[in-house]
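Here, each number is a calculation from the coordinates, and none is a lab measurement. In this text, all values refer to a predicted model and were calculated from it rather than measured experimentally. Note: ideal-geometry Cβ built from the backbone for every residue, glycine included; neighbour counts use all protein chains shown.
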Amino acid sequence: MIPEVEYWTQAAEAIRVVANKFSINTTAETIGRVNRMISAWPADDTLPAEGFDAVKQTFKRLSNGLREIETYAIGEEKYVSALE
């Protein structure tokens, strides 16, 4: 029974370390922003009333947000893999 308690204690500590290192709020905000940009993306080939420049601006922000999420996920994966 003691080894099981030790394993759970180690697992809880590892989760605490990861949670402290990687802020969930920051990721949630970025994901929310990306989701809003995706919903603003034209559903068909018709340009929105704002014109092509608005689509280009949304594309740029969407690309940056997705890149940010990717970078965050890769860093988190490496960090968690190092704990194993």
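With respect to the chain, whose longest principal axis is taken over its alpha-carbon atoms, helix 2-21 is tilted by about 30°. All other residues whose Cβ lies under 13 angstrom from that of Ala28 are scored, Lys and Arg at +1 and Asp and Glu at -1, for a net of 0.
What size of dipole, in debye to the nearest 20, comes out for region 22-83 about its Cα centre when the only charges are +1 on Lys and Arg C-beta atoms and -1 on Asp and Glu C-beta atoms? Let's see the in-between values first.
Working: 7 positive and 9 negative charges, 32 e Å.
About 160 debye.
The label-point distance for Ile15 and Ala43, in a model that sets each label 7 Å from Cα toward Cβ, rounds to 4.0 nm.
Contact order, relative form, for the chain: 37 percent (alpha carbon pairs under 8 Å, 6 or more residues apart, mean separation divided by residue count). Each Lys or Arg adds one and each Asp or Glu takes one away; over the other residues whose Cβ falls under 13 Å from the Cβ of Phe52, this sums to -1.
List Val17, Val5 from most exposed to least, where exposure is judged by having the fewest other Cβ atoms within 10 Å. Let's see the in-between values first.
Details: Val17 13, Val5 9.
Placing the least packed residue first, the sequence is Val5, Val17.
Note on the chain: Cα-only Rg and Dmax are 19.6, 66 Å. Spacing of the modelled spin labels on Arg36 and Tyr7, each 7 Å from Cα toward Cβ, amounts to 4.4 nm.
The angle separating the long axis of helix 24-40 from the principal Cα axis of greatest extent in the chain is about 20 degrees.
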